[in-house]
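Here's the structure, in structure tokens; my notes come after.
The values are calculated or read from the model by the stated rules, or taken from the named source; none is laboratory data. Predicted model only: the values in this text are computed from it and were never measured. Here the Cβ is made from the backbone with ideal geometry for all residues, glycine too, and neighbour counts use every protein chain on show. Accessible surface is based on the protein model in full, side chains and every heavy atom, while ligands, DNA and RNA are left aside. Shrake-Rupley method; radii C 1.70, N 1.55, O 1.52, S 1.80 Å.
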Amino acid sequence: MSSEHIVLLSSSEIDKMRRAGKLAAQLLEHLGKLVAPGVSTQQLNDEAEKFTKARGAKSAPLNYAPRGCKPFPRSICTSINDVVCHGIPNSKQVLKDGDIVNIDVTPILDGYHGDTSRTFLVGNVKLEARKLVEVTEECLRRGIAEVAPGKRFGDIGAAIQEYAESFGYSVVREFVGHGIGKQFHTAPQVFHYGVRGKGPRMQAGMAFTIEPMINAGYWKTVLLDDGWTALTEDGSLSAQFEHTVLVTQTGADILTKI
Ligand code: MF3
Ligand code: CO
Ligand code: CO
């Protein structure tokens with residue numbers, strides 16, 4: 001199997017993706033209601049695990065170990081302030097007033113994955129950080145607006161990059177969106193920067209994530225010794241939003257919505 005090959009889902013697979021996506025959206029909504037100063041990221045993790053199991057699903061991140069990485073030790077990712085992605089929940093890590101926190105969930109239901117994340121505001125957040133979060137959500141919206149059969153993956157990246165950079169923000173390069181289905185991460189890589197008209201063509205039946213990580217400062221990241229937590233190199237804030245989308249005959253369906 002070529003790593004370039006992009007799977008087209010059958011209608012029964014699409015049904016399962018819809019159910020997994022909906023569960024992911026419900027889980028994320030549930031966790032969002034718990035976000036408040038004083039709550040630990042471990043509490044969010046434990047609630048996610050409970051919610052997921054109660055619905056007959058599994059948490060894809062737990063023990064996920066791609067190409068020789070250490071197994072990811074928790075069920076969700078929680079990424080606070082200058083953490084770009086893949087923050088590891090911890091009972092000693094407590095949300096503080098003024099933080100921004102991305103919660104990224106991926107339940108597996110009936111063998112199929114739903115992957116979604118949002119950046120939440122904790123209590124009273126400074127205007128500067130709120131602006132970054134708002135622009136990042138709009139980046140995702142603009143990326144999704146490019147999805148349709150016959151369009152190119154470069155169209156998605158270009159739309160996101162143009163919008164983010166117009167505010168002086170930067171697009172993280174080291175992490176990308178991905179094909180998704182029976183597998184958590186598969187072809188194609190979905191870049192959040194790029195050039196219109198470049199990249200593979202989208203076709204009805206493709207499912208992938210769009211998950212822009214936008215930094216207030218420079219785009220470079222550094223990895224902590226835990227092997228997972230990625231931070232902005234310059235210490236600037238980073239926000240992220242993610243949906244799993246399906247290419248339809250006419251455009252896009254967001255699978256990770258309630
Ligand atoms: N959910 C993340 C993504 O959007 C991947 C997390 S991998 C983990 O692709 F192991 F850190 F959970
Ligand atoms: Co993803
Ligand atoms: Co995700």
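One residue alone among Thr248, Thr232 is under 21 Å from Gly143 (Cβ atoms), surrounded by fewer than 16 Cβ atoms within 10 Å (Cβ to Cβ) and away from ligand 2 (no atom under 16 Å from the Cβ), and that residue is Thr248.
The listed residues are Asp104, Asp99, Asp110, and the only one of them that is on the phi > 0 side of the Ramachandran plot and touching a helix residue (DSSP H, G or I) at 6+ places or on another chain (Cβ under 9 Å) turns out to be Asp110.
Can you pull out every residue in the stretch 228-248 that is in contact (Cβ under 8 Å) with a residue 40 or more places away in the chain and farther than 14 Å from Glu174 by Cα? Gly235, Ser236, Leu237, Ala239, Phe241, Glu242, His243, Thr244, Val245, Leu246, Val247, Thr248, listed by residue number.
Within the stretch 201-227, how many residues are within 30 Å of Lys16 (Cβ to Cβ), surrounded by 15 or more Cβ atoms within 10 Å (Cβ to Cβ) and more than 16 Å from ligand 2 (Cβ to nearest atom)? Count: 3. Tell me, yes or no, whether the stretch 113-120 has at least one residue that is away from ligand 2 (no atom under 16 Å from the Cβ), under 17 Å from the mean Cα position of the chain (by Cα), surrounded by 16 or more Cβ atoms within 10 Å (Cβ to Cβ) and at pLDDT 95 or above. Yes: one or more hits.
Pick out the one residue from Ala204, Ala187 that is outside any strand (DSSP E or B) and touching a strand residue (DSSP E or B) at 6+ places or on another chain (Cβ under 6 Å).
Values: Ala187 fails: outside any strand (DSSP E or B).
So the residue among Ala204, Ala187 that is outside any strand (DSSP E or B) and touching a strand residue (DSSP E or B) at 6+ places or on another chain (Cβ under 6 Å) is Ala204.
May I ask you to list the residues in the stretch 41-66 that are within 12 Å of ligand 1 (Cβ to nearest atom) and either surrounded by 13 or more Cβ atoms within 10 Å (Cβ to Cβ) or assigned to a helix (DSSP H, G or I) (or both)? Can you show your working first?
Within the stretch 41-66, the first condition is being within 12 Å of ligand 1 (Cβ to nearest atom), and the residues that meet it are 45, 48, 59-66.
Answer for the stretch 41-66, where residues must be within 12 Å of ligand 1 (Cβ to nearest atom) and either surrounded by 13 or more Cβ atoms within 10 Å (Cβ to Cβ) or assigned to a helix (DSSP H, G or I) (or both): Asn45, Ala48, Ser59, Ala60, Pro61, Leu62, Tyr64, Pro66.
On the basis of being more than 15 Å from ligand 1 (Cβ to nearest atom), under 16 Å from the mean Cα position of the chain (by Cα) and crowded, with 22+ Cβ neighbours inside 10 Å, does Ile76 make the cut? Spelling it out, it is not the case that Ile76 is more than 15 Å from ligand 1 (Cβ to nearest atom), under 16 Å from the mean Cα position of the chain (by Cα) and crowded, with 22+ Cβ neighbours inside 10 Å.
So in the stretch 89-141, with the set limited to residues that are within 16 Å of ligand 3 (Cβ to nearest atom) and part of a loop (DSSP other than H, G, I, E, B), which one is nearest to Val171 (Cα to Cα)? So, considering only residues that are within 16 Å of ligand 3 (Cβ to nearest atom) and part of a loop (DSSP other than H, G, I, E, B), the one nearest to Val171 (Cα to Cα) is Asp115. In the stretch 1-40, the qualifying residues are those that are in a helix (DSSP H, G or I) and free of Cβ contacts under 8 Å to residues at least 40 places away in the same chain, and the one that is most open to solvent (accessible area, probe 1.4 Å) is Lys33.
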